[in-house]
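The values are calculated or read from the model by the stated rules, or taken from the named source; none is laboratory data. What you see is a predicted model, and the numbers here were worked out from it, not measured in a lab. Note that each Cβ is placed from the backbone with ideal geometry, even for glycine, and that neighbours are counted across all protein chains shown. Keep in mind that these areas ignore ligands, DNA and RNA; they rest on the heavy atoms of the full protein, side chains included. Shrake-Rupley method; radii C 1.70, N 1.55, O 1.52, S 1.80 Å.
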Amino acid sequence: MKTLICDCNRSMTLDRPALSRALAATPGASAEGLADVHSVLCRREAPAFQRAARSGEELLVGCTQESRLFMELAEQTEGAPPMAERPIRFVNLRETGGWSRDGAAATPKLAALIAAAQLPPPEPVATVGYRSAGRCLVVGPAERAEAAAALLGDALELTLLVDGGALAQRHDQVVLRGRLTRLSGWLGTFEAGWESGNPIDLDLCTRCNACIAACPEGAIDFSYQVDLARCTAHRDCVAACQAAGAIDFERSPRSEEARFDLVLDLGEVPALTMHQPPQGYVHVPPDAALTQAVLQLRGLVGEFDKPRFFRYEQRLCAHTRNQQVGCSACIDVCSAQAIRSDASLKGKTAARGRGSVGHPTAGIVVEPHLCVGCGACGTVCPSGALSFAYPTPADLGKRVRTLLRTYAAAGGRDAALLLHSQEEGTAAIEALGRAASTGRAHGVPARVLPLAVWHSASVGLDVWLAALAQGASQVWVLTGSSEAPQYLEALAAQMAQAQAIVHGLGYAGTHFRLIPAGDTAALDAALRVPPAQGVAQAASFVVQADKRNTLELALAHLLAQSQEAVPEAIALPAPGALYGSLQVNAAKCTLCLACVGACPSQALSDNPDRPQLRFTEKSCVQCGLCETTCPEDAIRLEPRLLLADGGRARAQARVLHEAQPFHCVRCAKPFGTLRAIETMLTKLAGHAAFQGAAAERLKMCSDCRVVDMYSNPQELRITDL
């Protein structure tokens, strides 16, 4: 790959030989092109770019400001491969580090950014399709709905559902009067329901105004609806409307429904209240302009695709077993309400939305058409059943590892990984860089490595801890004003988990932070904090596709690199806990083993030879299914990270509770527990079916029970009836 760096007007301090050496020492990176110096590549030196484009090599341009110009220039260059065959990549070096008071020391960072940008893009993922024919429902006051219709009528097929106000004389669209009662769906498949109880049917009304003139009480105005509070039943309007037949006082209230592709909601209170509404739904408050909404809706006609942002492994899901609900983290955090619980459908087949992903035994259904790609569900999922797919954790982990390895190889120290969204986060960093170029801010420090991700909530504990093990001093997440409140709560809870683990292992300092992106001056100050204590030797492992495996690799390395005496266990905050133990009340537990059957991760097991409840702490995801399933209410969760025996104790099964076995009164074979059999005998003591010999059989094993029934001469048989 050839890299072209444009240092506009020599505004950055670039040590090109050092950059070349750092990239040459990084596996998979290329230093080709760095020897050339460009200052106005997009203008006077454009022929140099065209020569590189004609070479057919993959190109990386160190300028994002003029990316559109470079792509157009490549398309117009004779002999250059088409963009579809050879895309051009871009990397921002100025605002992310070159335009900073640390610019002279930013060579390791710039090398890391170039190396990461040279990585191949992630593998493409499946897509989710939408089809819209432009059938749009406009809901709101009549005047505002008709104003919107005037801007949309030439592009969309409109239906106006108005709830008050005068109507224009012209009848250009279908106009209905009623109250919206139900709205669901997404672009191309919205289902709306409404109620109407007025005597005048606007669909039949010709707006001839005869009813208004005829009404002696003035109960009808240009809204073409009857004010029933003023109407005294003269019914002169009915006679005036005899030809059209639009007025019928005997008509019962109607409930109607229809399907639409788009919805423009002009009501004061939105019909869909989730933080991230579905695509195709636009709400415009009464005091807001219609321009942006109109432009958005006019462009939503045709066929569209978006990535399928998530991957779901039903076998790992810890939401429900046997209609008992355990972990609901993904449902609680989803701002688009794209995930729902189907715990009541365990073992049954249910009709699901087209394209939805789920399984009746898992208890959750994910609707990909509603998913907006925040990735928060994968961040909070304790088992890794849900994970982000655009890119996958393994792809993102490779990028993080390349950044940290190249930075360290070039002599960088105390790297702080700054994860930010591709839109709002990138804009905040660029604003900080521009302020630094004019001396109004310090700029992004040389040790801070910005990394754009699809969404700031899409990266969680596994990647954070892996980055720390691979040499990062700190991991920060830049959050924007558009983040859903539940995202911020989830990220804060996950960071509390990570910080508790790292502090418990003896690493000093603050390693994880959420940084608001709103104010440039505040962001500038937030990035200039002291580094935290990191590992002495960076780990060489790669982030795995399985979340729990990555966590185990990161924890093992952090534990091995710790310079302090670590405790046997680290207490973890309860919200968002991914690790922990169980407390079993021996006085209540009867060893019925219902918890074993409910455990989705096989952390709980029995002993086929003895009445024991065994537990492997490494496998526990703290979902709480054992706690909700236990009929004796004998189990409590204990969030913690067990470090005894160098962390090996977590992988070993231990006995949480055991009891004295009950021996068959006939053959002396152990079956069940003494406590369980005694409890059963006590509860059935007064039952008519368990008296005499039948009660004695309760004390026998299953084999002896059958033998006793068939060998007892006094036993009543079906053939004797």
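Anything in segment 121-177 that is in a loop (DSSP other than H, G, I, E, B), under 30 Å from residue 402 (Cα atoms) and open to solvent by 70 Å² or more (accessible area, probe 1.4 Å)? List them, or say none.
Within segment 121-177, 121, 123, 124 meet the criteria.
Given the options 641, 674, 681, 698, name the one that is surrounded by 19 or more Cβ atoms within 10 Å (Cβ to Cβ) and either farther than 25 Å from residue 553 by Cα or not small (Gly, Ala, Ser) (or both).
Only one candidate passes the filter, namely 641.
Regarding residue 506, is this residue on the phi > 0 side of the Ramachandran plot and in contact with a helix residue (DSSP H, G or I) (Cβ under 9 Å, 6 or more places away or on another chain)?
No: the conditions fail for residue 506.
Whether any residue in segment 182-199 is surrounded by 15 or more Cβ atoms within 10 Å (Cβ to Cβ), in a strand (DSSP E or B), touching a Phe, Trp or Tyr at 6+ places or on another chain (Cβ under 9 Å) and modelled with pLDDT under 95 is what I want to check.
There is no residue in segment 182-199 that is surrounded by 15 or more Cβ atoms within 10 Å (Cβ to Cβ), in a strand (DSSP E or B), touching a Phe, Trp or Tyr at 6+ places or on another chain (Cβ under 9 Å) and modelled with pLDDT under 95.
Given the conditions (1) touching a residue at least 12 places away in the same chain (Cβ under 8 Å); (2) in a helix (DSSP H, G or I); (3) under 55 Å from the mean Cα position of the chain (by Cα), which single one is not true for residue 699?
(2) is the only condition that residue 699 fails.
Given the structure, is residue 285 touching a strand residue (DSSP E or B) at 6+ places or on another chain (Cβ under 8 Å), open to solvent by 20 Å² or more (accessible area, probe 1.4 Å) and farther than 22 Å from residue 213 by Cβ?
No, not satisfied.
Count, please, the residues in segment 52-73 that happen to be over 35 Å from the mean Cα position of the chain (by Cα) and over 20 Å from residue 118 (Cα atoms).
Residues meeting the conditions: 2.
Matching residues to (1) closer than 15 Å to residue 97 by Cα; (2) touching a strand residue (DSSP E or B) at 6+ places or on another chain (Cβ under 6 Å); (3) not β-branched (Val, Ile, Thr):
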site	(1), (2), (3)
383	no, no, yes
411	no, no, yes
424	no, no, yes
430	yes, no, yes
443	yes, no, yes
447	yes, yes, yes
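Mind checking which strands (runs of 3 or more DSSP E) fall wholly inside segment 605-674 and carry at least 2 residues that are of a type in the set (A, V, I, L, M) and in contact (Cβ under 8 Å) with a residue 60 or more places away in the chain?
By residue number, 635-642.
Just the residues that are open to solvent by less than 40 Å² (accessible area, probe 1.4 Å) and farther than 20 Å from residue 679 by Cα, please, taken from segment 586-602.
The answer is 596, 598, 599, 600, 601.
From the set of residues in segment 269-327 that are of a type in the set (S, T, N, Q) and touching a residue at least 12 places away in the same chain (Cβ under 8 Å), which is farthest from residue 151 (Cα to Cα)?
Across segment 269-327, the extreme among qualifying residues is 322.
I'm told residue 262 meets every condition in (1) over 16 Å from residue 136 (Cα atoms); (2) touching a helix residue (DSSP H, G or I) at 6+ places or on another chain (Cβ under 6 Å); (3) in contact (Cβ under 8 Å) with a residue 24 or more places away in the chain except one. Can you identify the failing condition by its number?
(1) is the only condition that residue 262 fails.
Per-residue answers, yes or no, for (1) open to solvent by 20 Å² or more (accessible area, probe 1.4 Å); (2) in contact (Cβ under 8 Å) with a residue 24 or more places away in the chain:
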{"site": "464", "(1), (2)": "no, yes"}
{"site": "473", "(1), (2)": "no, yes"}
{"site": "484", "(1), (2)": "no, yes"}
{"site": "493", "(1), (2)": "yes, yes"}
{"site": "499", "(1), (2)": "yes, no"}
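Looking for something closer than 30 Å to residue 598 by Cα and either within 19 Å of the chain's Cα centre (by Cα) or hydrophobic (A, V, I, L, M, F, W, C) (or both) - is there at least one such residue anywhere in segment 296-308?
The answer is no, given that none of the residues of segment 296-308 is closer than 30 Å to residue 598 by Cα and either within 19 Å of the chain's Cα centre (by Cα) or hydrophobic (A, V, I, L, M, F, W, C) (or both).
Anything in segment 568-585 that is surrounded by fewer than 18 Cβ atoms within 10 Å (Cβ to Cβ) and polar (S, T, N, Q)? List them, or say none.
583, 585
Go over the candidates 581, 562 one by one and state the one that is farther than 30 Å from residue 405 by Cβ and among the hydroxyl-bearing types (Ser, Thr, Tyr).
581
Could you count how many residues in segment 249-298 are within 21 Å of residue 368 (Cα to Cα) and among the aromatic types (Phe, Trp, Tyr)?
2
Output yes when any residue across segment 219-233 is over 55 Å from the mean Cα position of the chain (by Cα) and either part of a loop (DSSP other than H, G, I, E, B) or loosely packed, with under 13 Cβ neighbours inside 10 Å (or both), and no when none is.
Checked against the condition, which is being over 55 Å from the mean Cα position of the chain (by Cα) and either part of a loop (DSSP other than H, G, I, E, B) or loosely packed, with under 13 Cβ neighbours inside 10 Å (or both), segment 219-233 yields at least one hit.
Within segment 543-564, can one find any residue that is in contact with a His (Cβ under 8 Å, 6 or more places away or on another chain) and either open to solvent by less than 70 Å² (accessible area, probe 1.4 Å) or assigned to a strand (DSSP E or B) (or both)?
no
Among (1) in contact with a Phe, Trp or Tyr (Cβ under 9 Å, 6 or more places away or on another chain); (2) of a type in the set (S, T, N, Q); (3) closer than 28 Å to residue 429 by Cα, there is one condition residue 550 misses while meeting the rest; what is its number?
(3) is the only condition that residue 550 fails.
In the list 480, 506, which residue meets the criterion of being open to solvent by less than 40 Å² (accessible area, probe 1.4 Å) and more than 28 Å from the chain's Cα centre (by Cα)?
506
What are the residues in segment 655-668 that are touching a helix residue (DSSP H, G or I) at 6+ places or on another chain (Cβ under 8 Å) and of a type outside the set (Phe, Trp, Tyr), if any?
Answer for segment 655-668, where residues must be touching a helix residue (DSSP H, G or I) at 6+ places or on another chain (Cβ under 8 Å) and of a type outside the set (Phe, Trp, Tyr): 659, 660, 661, 664, 665, 666, 667.
Check 68, 54, 44 and return the single one that is touching a Ser or Thr at 6+ places or on another chain (Cβ under 7 Å) and surrounded by fewer than 15 Cβ atoms within 10 Å (Cβ to Cβ).
Exactly one of 68, 54, 44 is touching a Ser or Thr at 6+ places or on another chain (Cβ under 7 Å) and surrounded by fewer than 15 Cβ atoms within 10 Å (Cβ to Cβ), namely 54.
From the list 600, 611, 573, exactly one residue is closer than 30 Å to residue 481 by Cβ and of a type outside the set (A, V, I, L, M, F, W, C). Which is it?
573
Suppose we filter segment 235-272 for residues that are assigned to a strand (DSSP E or B) and of a type in the set (Lys, Arg); how many remain?
Of the residues in that region, 2 qualify.
Among the residues of segment 225-243, are any under 27 Å from residue 152 (Cα atoms) and either in contact with a strand residue (DSSP E or B) (Cβ under 8 Å, 6 or more places away or on another chain) or among the small types (Gly, Ala, Ser) (or both)?
Yes - at least one qualifying residue is present in segment 225-243.
Examine segment 412-422 for a residue that is of a type in the set (A, V, I, L, M, F, W, C) and open to solvent by 10 Å² or more (accessible area, probe 1.4 Å), and state whether such a residue exists.
Checked segment 412-422: no residue is of a type in the set (A, V, I, L, M, F, W, C) and open to solvent by 10 Å² or more (accessible area, probe 1.4 Å).
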